[in-house]
1. Just order 152-159, 180-187, 38-45 by mean Cβ neighbour count inside 10 Å, highest at the front, would you?
2. Please work out the ratio of the alpha-carbon Rg of the chain to 2.2 N^0.38 Å and round it to two decimals.
3. Please work out the C-alpha center-to-center distance from segment 278-311 to segment 195-226 and express it in whole Å.
4. If you average the sequence gap of Cα pairs under 8 Å that are 6 or more apart and divide by the length of segment 1-51, what percent do you get for the contact order?
5. Measure off 7 Å from each Cα along the Cα-to-Cβ vector at R190 and D128, then give the distance between these two points in nanometres to one decimal.
6. Given contacts defined as C-alpha pairs under 8 Å and at least six residues apart, what's the relative contact order of the chain, whole-number percent?
7. Quickly rank 141-149, 241-249, 293-301 as a protection proxy: mean count of other C-beta atoms within 10 Å, highest first.
8. Grab the Cα-Cα distance for D342 and S308, subtract it from 0.36 nm times how many residues apart they are, and report the gain in nm with one decimal.
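Only the coordinates and a few stated rules stand behind these numbers; no lab work does. Since we're looking at a predicted model, the values are computed, not measured. Positions of Cβ are backbone-derived with ideal geometry, glycine not excepted, and every protein chain shown enters the neighbour counts.
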Amino acid sequence: MVIQGSELDLDKIPMIRPYFGDGGKIVTLGLVITKDCETGTPNVGVYRLQRQSKTTMTVHWLSVRGGARHLRKAAERGKKLEIAIALGVDPLIIMAAATPIPVDLSEWLFAGLYGGSGVQLAKCKTLDLEVPADSEIVLEGTISPGEMLPDGPFGDHMGYYGGVEDSPLIRFHCMTHRKDPIYLTTFSGRPPKEEAMMAIALNRIYTPILRQQVSEITDFFLPMEALSYKAAIISIDKAYPGQAKRAALAFWSALPQFTYTKFVIVVDKDINIRDPRQVVWAISSKVDPSRDVFILPETPFDSLDFASQKIGLGGRMGIDATTKIPPETEHEWGAPLESDPDVAAMVERRWAEYGLADLDLKEVDPNLFGYEMK
Ligand SMILES: Cc1cc2nc3c(=O)[nH]c(=O)nc-3n(C[C@H](O)[C@H](O)[C@H](O)COP(=O)(O)O)c2cc1C
């Protein structure tokens, strides 16, 4: 079904207003599709959209996002930006769109690689853009650079209501939908919420992407309690002095998404980074704060984060919790404690004799982050 002109009515979409203090109704799980007006590369992201009228919405994309970059480019050339919103698509494509992949890689291609078969695309009715062919609802519109309206406040993943921000206004002129379309939605909030579960899977997806760019990284973990992006724990195969700092700096510039990671903790590869007890031990036993903590002031900062003094500008901290090697230290390191292998083997042999036969040690999960997928 194709709806255009005065028939167009965004209120036919069952948008939600998740918290009582929210500034309006929102679309939370739509694919926002734009194109680079110079290279033609599409960008697909998941960004919150606020209903402003029956035919308009504001889009809440952070300045590092692909859609924001496309709008800046269109504005430089004095052009309107074409924009399509696809609703009710395969969750696999939503995951691909929410994955912070390198900017020159098309999310369609990535979704195909990720899902094992190409994404079937269909041309929009009125725009030079493509959307998943199986979308339930598609909205087609344009943004005139500079045309903004206040967006927010909305409860977000930080666990607070965000501020009100002037955001680009999308004017829609066409809606297509299937008969009895299925609508997908979600809502944000302090973890654990659905988005935190998506982030667990995302962590798995971008570990290889990160390792490709920073080869010494052996593992990488974004704890849910740190909002799945504010703090990163990285383990490295340390081979030379200063390498932990190099890994932290390389991490911050590996993907635009990591711009907003405030804390990076680097540990040796023998630390299980999903076990907070091991990470806290590494920090406690291997860090001299005067040497191993470094702070970069006045860097780009998540505008939704109230912790910084200035909106969008704040510091970040790296902690080198790796074992120090010369010339990082002149202080000779002690030998690590290990049990005598002969004694350990004997204890295991005589376990039943000690009356402990019923104790299954495998049941004791040393991983406190019990939500982490195996
Ligand atoms: C449910 C959900 C809501 C999101 N909302 C926003 C948002 O409002 N603004 C934003 O900039 N990113 C939001 N994101 C994150 C982006 O979708 C994600 O970082 C994506 O990789 C951005 O794509 P891009 O780098 O191609 O712009 C959201 C992600 C999810 C899963």
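1. Values: 152-159: 19.2, 180-187: 14.4, 38-45: 16.9.
Output ranking for 152-159, 180-187, 38-45: 152-159, 38-45, 180-187.
2. On the way: Rg = 24.5 Å, N = 374, 2.2 N^0.38 = 20.9 Å.
With N residues counted in the chain, Rg over 2.2 N^0.38 Å equals 1.17.
3. 19 Å
4. 31 percent.
5. Between R190 and D128, the simple spin-label model gives 4.8 nm.
6. Working: 706 pairs, mean separation 48.1, N = 374.
Result for the chain is 13 percent.
7. On the way: 141-149: 16.6, 241-249: 18.4, 293-301: 13.6.
Result, highest mean Cβ count within 10 Å first: 241-249, 141-149, 293-301.
8. Values: separation 34, 0.36 × 34 = 12.24 nm, distance 5.47 nm.
That works out to 6.8 nm of additional length.
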